[in-house]
Structures are given as structure tokens and as C-alpha cells.
Amino acid sequence: MASFGNGNMASLAPLPLNDLTIGDLLDGLAARPASRLTFRYDGKTIRRGYHVTEVKAGQFAALDCGANPEAWTEIFIQLWDVDDAPDQMTAGKFAGIIRKVTTHVALDMNARLTFEVSDGIGPMQLHQANGPVASDDEIFVELSPRPASCKPRDRWLTAQNEAASACCGPSKSPCCA
């Protein structure tokens, strides 16, 4: 786990390492609404005056490289990395922005969450989020670039790993030799 600040770090909830949903994030922030919400990306901390400039909900239908149909929903949160506000956003304010969006746009709380981040000069970058981690009066969300992948290969690797895990349990079955 990355180290931030100088306080004690604690995960707010047992969350997946990547591909956090908007529901997971809001649940993680709910316990500490007064805490400052800090995002990190590209090895740096977002500036304290950052803005949530846009929240989008998308439903996608696609054909992957193995000719398999795919469908998913995704929430995009656009962060503008500027120092344009006197105070840093709190977890409660961030959650309030998302609640306001839900009065106009239907958000699937189980949808994949993608952050679009730019300083307004460089190109926007797509990131996935790791679960929120709390330290003293601050909550950190680590963003990492969203990589491209081959979904048929990913499914095959998952099946291989599941088969190996089932075969190689604590009994040390002969198939593990």
C-alpha cells in the first residue's frame, strides 16, 4: 500500500484494489464526511483546489477482439487538477456532488468507475481507483492509469487461475505436483 501523509492509515472498508464502483467509493466516504478528500495520480497529489467538473453515466455495447459481445455501464468523474478553491473538498462535499447528479442522471451504483483527470493544459487521462484509505482527517484515493486489455485472454487467465486454486488447495492434491 502506498504511504501518504504521516498519520496512521486505515482502509475504510474492504474494497477491491481496482475497478472501484461509485457505490463502493460513496460507502467508503460515508463514515468520514468531514475528512478532506485527496486523490493521487501519476505519483503526485491532486491540488487542494481541484474541481469535480463533470459526472457522466454511460451504457456501452461492444464486440471484443474474440468477437464476443460485451455490455457494461460506467460512471466517469472528471477531476480538474487546479488550485482554484480556498479549501480542499471534503468527502461529504464530494458525496453531495454525486447525490446532486443523481437527481438529474441515473447512476448505477454498481457501475465501473473511471476518473478523467487533467490540469487543463495536458490531455485528459483515464484512471481506475483503489479503495479509499483514511489518515487522521484525510481520505486518500489512489488513481492508476486504466490499461487496455484483451477480454478473451483475461477470461482465459481467470479460468486458469481458478482451476489452479481449486486443484491446489491445502490438501496438496496430486494434480498440483
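Roughly speaking, to the nearest percent, how much of the stretch 10-129's 1.4 Å accessible area is carbon and sulfur?
Here carbon and sulfur together make up 55 percent of the probe-accessible area.
Residues of the stretch 30-170: accessible area per residue at 1.4 Å, in Å²? Display every interim value, and only then the final one.
Details: 7820 Å² over 141 residues.
That works out to 55 Å² per residue.
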Any residue on another chain or 5+ positions along whose placed amide H is under 5 Å from the amide H of residue 35 is listed here as 91, 92
What shape does the stretch 121-164 have by the C-alpha gyration tensor, where a ≥ b ≥ c are the square roots of the eigenvalues, rounded means a/c under 1.5, and otherwise prolate means a/b greater than b/c and oblate the rest? oblate
Output row, site residue 48, 7 Å Cα→C-beta label point, backbone N cut-off 14 Å, window the stretch 59-103, residues 82-90
Residue by residue through the stretch 119-128, what is 3J(HN,Hα) from phi via Karplus (6.51 cos²θ - 1.76 cosθ + 1.60, θ = phi - 60°)? Round to whole Hz and write x for glycine and proline. 8, x, 10, x, x, 5, 10, 8, 9, 9
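So which of 44/151; 56/151; 44/100 end up more than 26 Å apart, counting from Cα to Cα?
Values: 44/151 30 Å; 56/151 24 Å; 44/100 29 Å.
Listed pairs above 26 Å: 44/151; 44/100.
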First check a/c for the stretch 68-177, with a ≥ b ≥ c the square roots of the eigenvalues of its C-alpha gyration tensor; if it is under 1.5, answer rounded, and if not, answer prolate when a/b is larger than b/c or oblate otherwise. prolate
The set of residues whose placed amide H lies less than 5 Å from the amide H of residue 119, leaving out same-chain residues fewer than 5 positions away, is 81
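The values are calculated or read from the model by the stated rules, or taken from the named source; none is laboratory data. Keep in mind that what you see is a predicted model, and the values were worked out from it rather than measured. With ideal geometry, Cβ positions are generated from the backbone for all residues, glycine too; neighbour counts draw on all protein chains shown. Remember, those area values only see protein heavy atoms, side chains included, never the ligands or the DNA or RNA. Shrake-Rupley method; radii C 1.70, N 1.55, O 1.52, S 1.80 Å.
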